[in-house]
Number of protein chains: 2
Amino acid sequence: MSSQRASVRAILDQAKTEGRSSLRPDESRILCDAYGIPLPRQRLVRTVAELSEAVGEIGFPLVVKIASDDILHKTEANGVVVGIKTLAEASEAFEQVTRNALAYKADARIEGVLVQQMATAGSELIVGALTDPSFGKVVAFGLGGILVEVFNDVSFRLAPATQEEALSMLSSIKGAEILNGTRGAAPVDRQAVAQIIVAVSHAVSDFPEIRELDLNPVFAWSQGAMAADVRVLLDFTTPRERYRPSQQEILQAMNRIMRPDAVAVIGASPEDGKIGNSVMKNLINGGYQGRIYPIHPKAEEILGRKAYKSVKEVPDPIDVAVFAIPAPLVAGALRECGEKHIPGAVLIPSGFAETGNFELQEEIVKIGREYNVRLMGPNIYGFYYTPKNLCATFCTPYDVKGHAALSSQSGGVGMAIVGFSRTTKMGVSAIVGLGNKSDLDEDDLLTFFEQDPDTHVIAMHVEDLKDGRAFAEVASRVSKKKPVIVLKAGRTAMGARAARSHTAALAGNDRIYDDVLRQCGVVRAYALKDMLELARCLPILPTPQGENVLIITGAGGSGVLLSDACVDNGLKLMTMPPDLDAAFRKFIPPFGAAGNPVDITGGEPPTTYRNTIALGLEDARVHALVLGYWHTIITPPMVFANLLAEVVEEFRLKGIRKPIVASLVGDVEVEQACDYLFDRGIPAFPYTTELPLLVLGAKYRWARAAGLVGS
Amino acid sequence: MSSQRASVRAILDQAKTEGRSSLRPDESRILCDAYGIPLPRQRLVRTVAELSEAVGEIGFPLVVKIASDDILHKTEANGVVVGIKTLAEASEAFEQVTRNALAYKADARIEGVLVQQMATAGSELIVGALTDPSFGKVVAFGLGGILVEVFNDVSFRLAPATQEEALSMLSSIKGAEILNGTRGAAPVDRQAVAQIIVAVSHAVSDFPEIRELDLNPVFAWSQGAMAADVRVLLDFTTPRERYRPSQQEILQAMNRIMRPDAVAVIGASPEDGKIGNSVMKNLINGGYQGRIYPIHPKAEEILGRKAYKSVKEVPDPIDVAVFAIPAPLVAGALRECGEKHIPGAVLIPSGFAETGNFELQEEIVKIGREYNVRLMGPNIYGFYYTPKNLCATFCTPYDVKGHAALSSQSGGVGMAIVGFSRTTKMGVSAIVGLGNKSDLDEDDLLTFFEQDPDTHVIAMHVEDLKDGRAFAEVASRVSKKKPVIVLKAGRTAMGARAARSHTAALAGNDRIYDDVLRQCGVVRAYALKDMLELARCLPILPTPQGENVLIITGAGGSGVLLSDACVDNGLKLMTMPPDLDAAFRKFIPPFGAAGNPVDITGGEPPTTYRNTIALGLEDARVHALVLGYWHTIITPPMVFANLLAEVVEEFRLKGIRKPIVASLVGDVEVEQACDYLFDRGIPAFPYTTELPLLVLGAKYRWARAAGLVGS
């Protein structure tokens, strides 16, 4: 630790000893100095002679403040004079604040008068850091004054932040343009502001007892920036650490849990309608090929499988135990799992934290740690892992194999995943219920899915992140390889209140979620159906190689709506090069419109669609295609679907794979055409011009964050 | 005209004579005075003696400006001094600006020096008016300075605006809070600001040659407001008037066109695949019971109907002629329709303005006016009117009768309407293609649908409004009776560019559309699918009697997402009264959550859903119900659908009708349950927690604007 850091350590220890929850101004200054955060020049003076000297050092304009530990609210005591421009004014202020201070509090001990450089003009900004219940230390940046108060225009990053991340915060506020200089003002010194952000983020990361650090306002000029006021709040309580095994430990356990060779069902039942009966049936009828051990206090066998009184009686190793017994019996059975060295317990029962029974949940967590049994749930539907034909759940079995792994914190959302997947033929590798997340959570799943060859995209319904910091670390790594989609429920104050009442989870500030998820390369979905559509389509969509999106449409009206949707989803309609424009014009009628959208007009035969699509695929300057199909007699829906699938396959064989999405408008036959296209790797949607672009936009957002899109 | 108005008339005439496109400052002041818009006190002075007198009248602080018609850019000429606080400073400024002016332009004719009151402190606002290509005179209000430039935080209303409308503008900007006083500032004088808005709106309405009027900045204090600068731009060209028949004339024509007793098909063809053949088949197979006259140059009969060479040969009256002939033949045939006194022509052919052939379009418009034939199109698919089994279109026939009337400017969107309607069993009264809107447009349709007993909701896809002013008037009236939904395509700059290239329509500023549509009580849809869902659901949803929305859910997770969606759609979750809370608790398990959402938990039998829903319907304090169903073995989807339909019917018989929407999550059986519920008047949706609230929110938005919701 440098000597400067040591000085911070010393003032924090002092504050702790004195039982304080904030730093004094002089201490705050030491902290800022240690981290190179520029503050106004200042000097404490006791005499008019000293004042004169200080004024010479600091320069005008000045602020004069009474310095007394006995006067906390200096303004209230008329102990502050601002805007001092001459030595005479300074002398007058010196006497005035001293007089006022004593009038305010006759027995106040006066240390002297603080003479301080006064920041003028420049842009007024705010830099701060806070401790978020999910994400821990987070650094914030915003425009000062009215803008932060009324427009709530702030951006957040995990602390510590790099200079690059800090610079990105300046660009990501809504009022970013103001920093470039408006109304003739000079642009602010971005590097200097970013340095302050970085410094703040390091200070709170180095010293976790700093609960909040506020620089408000920060003044920034075209050269340099300075914090005009500092506030530091402290909290010396040690936050409870969540269990965080190593990546290797997670994989060891998760590989056995998700791909087990042997499953025990604790509470297996021969009786129809019982959860323990449904789980048994799903395992058997789902086609799971591993060993299945029903556990039952009396039965000899259940559904043709030999039953055991306890997992401890099972002669062979067991990888995962599915619990289908009432909550009060869970602890005992879990202990037996521990003694049997079973690495995972799937806790379907409810009656834990979600019903207010926190003690019972704490008890099972303790047992889990004691025996190193990882817990999924409690209060879940179980999980599906299709590569193993494993349906470890009491819900209906699911068997459409594919590459989307989904998780949900809520059972209702889990069932929506099952139904949607089945009806849209979304291929799934896994569906996992996380429920109360007493132990296993999104980080563990991400770590497993990261290396699971059957998973190409991960979609998660999240009400709260128990350890947002850990999630962010893992998600940042995983999202470089596979798209990670998050539906954060409880976005709004009302929604968050509902989330609390049902999971006792503290929903974090949604704006922090938004920024941090983006920082981690996570694609956020804002609606349940959106999350499901993205999980369905992202794995089949090739990664774009550049930003040039081209719309080809048979319906001009669709072209307009598709263009709107491009903008809404942050996509860039390519500027059509003249030679390419000319090439398109060869294929379309003279009254059609080239440019972008390319409007081939409605009455065209299949060849026109075919030729223009082929041209879009062929030309290397085009990176993604958006197709607007219009149902006509001359090119019926299935004819369009066939020609599109053919031309795409033709180019695939030549090694050309570009993302293509399609909007099909027409009579009901377009639905069949969309199904046909989806089965052939082309996301196509009937009666909507928005969904195709939502999907393409999400693929771009992911690919950009993962650094995969060229320019 | 008052004498003040007469003075404005005089300066405008003067400006016109002089060929100017703007007013001089002194003229602008006359305009402001005429409308009671407060400006800074000022006096033109020529001597230091006069100056001294002027200073006495006006008070400090002051601005001193050179007054010379020869110097347009006073600041550039160093001809302005601001912030003058003493008479000495004023005298110095007087000499200085005169000196600078002559240095800048030696031969400048100096009228004197303008001494002006300087507005200080207060809030900086902008009030203005402009001439929108669609809506004509529109008044604008926003926060001044950086806020309007960077955040584009402006609100618009049609001019002239009432004081009440002007006040609503102050509340509808994003930064509205700033006007209430932030950071200790006093709130602005809302009445005074609104008066300025009203005055500006009247000025531009009274004098259409005022193209733009800008008061920027306007300073507002806790008492009073004042415009510090005025800019007035003029345009003396007379805008081309669109044909605007009276309401009675529209109804006379539209009733014959939409509900004809006799239809002629010009270009009827016996040949499969021809448009004139499809139209004939659709008329016949669609079940139209009126007379059908094929028009063909040679054929004796077509599809069993006697054919005629011209409409003029038909012995009986004809109400509408459907054109299925090439564009160049349209004018001739249209003239014959005129001579036959046919009130309406449905112009399917393309090849007019949309392909750049403006002359041909103008020609047919002229013929239409000459003979008083109203034109639908050209460049359309035709129209459907199901109460008459009328499919006057070349697309597929459509026959699911119901109460939604839809129109589209684009054929692609029209086909999406047909397909979506068929697949979702959306009941439709009419689907109308408007295409190029050479004559008939949304106003005519609204006027017809307003009094059409078979139409309960109107949904329109709009790329541009040819006469937004007329639309606004009609929509304001109609939306009081029936919901009017508008999907405005070309919302974004890119989308608008695409719209122009395909319809040659100038897409107006989207923000103006947004505000004006809201002002007219129109519900705006932002996505094609949303418009379709709203058209489908709004007619079957009862109108809410108050703002209290209650969520009852079997899945806590759905409750959270439904709460988020409530907020997103501007709905108010009712605060649960303690007695009602207690009543709900009787029905739900002890670990369930009352409050709002009422979480009945997942494992409950049908009776729990039934009892809680009945309670929500019964209690008069609850105005709307949002249901979250979770698929379980104990309450399967169709059991839930049955009990819900039953309990709703039970209450309907008692005269209790509240809007209910439902989100069903579960396996695919929930889809059947949703269909069952929709058929029984309950909008229910699978796999989504957002769509139910979009629908309920739209019903509320409409009902609030129509003044139908109590508080």
Within the bounds of segment A:546-553, is there any residue that is in the same structural domain as A:Glu649 (by TED's automatic domain parsing), part of a helix (DSSP H, G or I) and touching a residue at least 40 places away in the same chain (Cβ under 8 Å)? no
Which strands (runs of 3 or more DSSP E) does segment B:229-341 wholly contain that include 1 or more residues that are assigned by TED's automatic domain parsing to the domain that holds B:Asp441? B:262-266, B:291-295, B:320-323
Taking segment B:533-579 and keeping only residues that are buried (at least 21 other Cβ atoms within 10 Å of the Cβ), over 30 Å from the mean Cα position of the chain (by Cα) and within 12 Å of another protein chain (Cβ to nearest Cβ), one is left with B:Ile551, B:Thr553, B:Gly554, B:Ala555, B:Gly556, B:Gly557, B:Ser558, B:Gly559, B:Val560
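Tally up the residues in segment B:626-636 that are assigned to a loop (DSSP other than H, G, I, E, B), touching a Leu at 6+ places or on another chain (Cβ under 8 Å) and of a type in the set (A, V, I, L, M), please.
Here the count works out to 0.
I'm trying to understand the selection: among the residues of segment A:218-247, which are polar (S, T, N, Q) and surrounded by 13 or more Cβ atoms within 10 Å (Cβ to Cβ)?
Selection gives A:Ser222, A:Gln247.
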Suppose the filter is in contact with a Gly (Cβ under 6 Å, 6 or more places away or on another chain) and not assigned by TED's automatic domain parsing to the domain that holds B:Asn216; does B:Ile110 pass it? no
Taking A:Glu649 as meeting all but one of (1) more than 14 Å from chain B (Cβ to nearest Cβ); (2) within 17 Å of A:Pro606 (Cα to Cα); (3) surrounded by 14 or more Cβ atoms within 10 Å (Cβ to Cβ); (4) within 38 Å of the chain's Cα centre (by Cα), write down the number of the exception. (3)
Please verify whether B:Pro349 is part of a loop (DSSP other than H, G, I, E, B), more than 37 Å from the chain's Cα centre (by Cα) and not acidic (Asp, Glu), treating the condition exactly as stated. no
Just a yes or no: is a residue in segment B:456-472 at pLDDT below 95, acidic (Asp, Glu) and out of contact with any Gly (no Cβ under 9 Å at 6 or more places or on another chain)? no
Suppose we filter A:Asp515, A:Asp530 for residues that are of a type in the set (Asp, Glu), out of contact with any Leu (no Cβ under 7 Å at 6 or more places or on another chain) and within 30 Å of A:Val154 (Cα to Cα); which single one remains? A:Asp515
By residue number, the members of segment A:171-201 that are of a type in the set (A, V, I, L, M, F, W, C), part of a helix (DSSP H, G or I) and more than 14 Å from chain B (Cβ to nearest Cβ) are A:Ala192, A:Val193, A:Ala194, A:Ile196, A:Ile197, A:Val198, A:Ala199, A:Val200
Selected residue (criterion: nearest to A:Arg374 (Cα to Cα)) from residues of segment A:248-299 that are among the acidic types (Asp, Glu) and within 39 Å of the chain's Cα centre (by Cα): A:Glu249
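Conditions (1) closer than 23 Å to A:Asp599 by Cβ; (2) out of contact with any Cys (no Cβ under 7 Å at 6 or more places or on another chain); (3) touching a residue at least 12 places away in the same chain (Cβ under 8 Å); (4) surrounded by 24 or more Cβ atoms within 10 Å (Cβ to Cβ), marked per residue:
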residue: B:Ile367; (1), (2), (3), (4): no, yes, yes, no
residue: B:Glu370; (1), (2), (3), (4): no, yes, yes, no
residue: B:Asn379; (1), (2), (3), (4): yes, yes, yes, yes
residue: B:Leu390; (1), (2), (3), (4): no, yes, yes, yes
residue: B:Gly402; (1), (2), (3), (4): no, yes, yes, no
residue: B:Ser408; (1), (2), (3), (4): yes, yes, yes, yes
residue: B:Val418; (1), (2), (3), (4): yes, no, yes, yes
residue: B:Thr424; (1), (2), (3), (4): no, yes, yes, no
residue: B:Leu434; (1), (2), (3), (4): yes, yes, yes, yes
A:Ile364 versus (1) touching a strand residue (DSSP E or B) at 6+ places or on another chain (Cβ under 7 Å); (2) away from chain B (no Cβ under 12 Å); (3) part of a helix (DSSP H, G or I); (4) farther than 21 Å from A:Pro328 by Cα: which is the lone unmet condition? (4)
Residue count, segment A:580-625, condition touching a helix residue (DSSP H, G or I) at 6+ places or on another chain (Cβ under 9 Å), among the aliphatic types (A, V, I, L, M), in a loop (DSSP other than H, G, I, E, B) and more than 14 Å from chain B (Cβ to nearest Cβ), comes to 1
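Rundown of residues vs (1) crowded, with 18+ Cβ neighbours inside 10 Å; (2) without any contact (Cβ under 8 Å) to a residue 24 or more places away in the chain; (3) not in a loop (DSSP other than H, G, I, E, B), yes/no style:
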| residue | (1), (2), (3) |
| --- | --- |
| B:Leu102 | no, yes, yes |
| B:Ala106 | no, yes, no |
| B:Ala119 | yes, no, no |
| B:Gly128 | yes, no, yes |
Report whether or not A:Val639 is in contact with a Lys or Arg (Cβ under 7 Å, 6 or more places away or on another chain), among the β-branched types (Val, Ile, Thr), in the same structural domain as A:Val549 (by TED's automatic domain parsing) and not in a loop (DSSP other than H, G, I, E, B). no
For the structure I just gave you, tell me whether B:Pro160 is surrounded by fewer than 23 Cβ atoms within 10 Å (Cβ to Cβ), more than 14 Å from every other protein chain (Cβ to nearest Cβ) and outside any strand (DSSP E or B). yes
In segment B:654-693, which residues are at the interface with chain A (Cβ under 7 Å from one of its Cβ atoms) and under 21 Å from A:Lys488 (Cα atoms)? B:Val665, B:Gly666, B:Pro686, B:Tyr687, B:Thr688, B:Thr689, B:Glu690
Condition first: touching a strand residue (DSSP E or B) at 6+ places or on another chain (Cβ under 9 Å), exposed (fewer than 15 other Cβ atoms within 10 Å of the Cβ) and not assigned by TED's automatic domain parsing to the domain that holds B:Ala93. Can you find one or more residues in segment B:29-40 that meet it? no
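Within segment A:504-511, is there a residue that is at pLDDT below 95, under 30 Å from B:Gly592 (Cα atoms) and not in a loop (DSSP other than H, G, I, E, B)?
Scanning segment A:504-511 turns up at least one residue that is at pLDDT below 95, under 30 Å from B:Gly592 (Cα atoms) and not in a loop (DSSP other than H, G, I, E, B).
Has segment B:162-178 got any residue that is on the phi < 0 side of the Ramachandran plot and over 24 Å from the mean Cα position of the chain (by Cα)?
yes
The values are calculated or read from the model by the stated rules, or taken from the named source; none is laboratory data. Just so we're clear, the structure is a prediction, and the values are computed from it rather than from any experiment. Please note: Cβ atoms are built from the backbone with ideal geometry, for glycine as well, and neighbour counts cover all protein chains shown.
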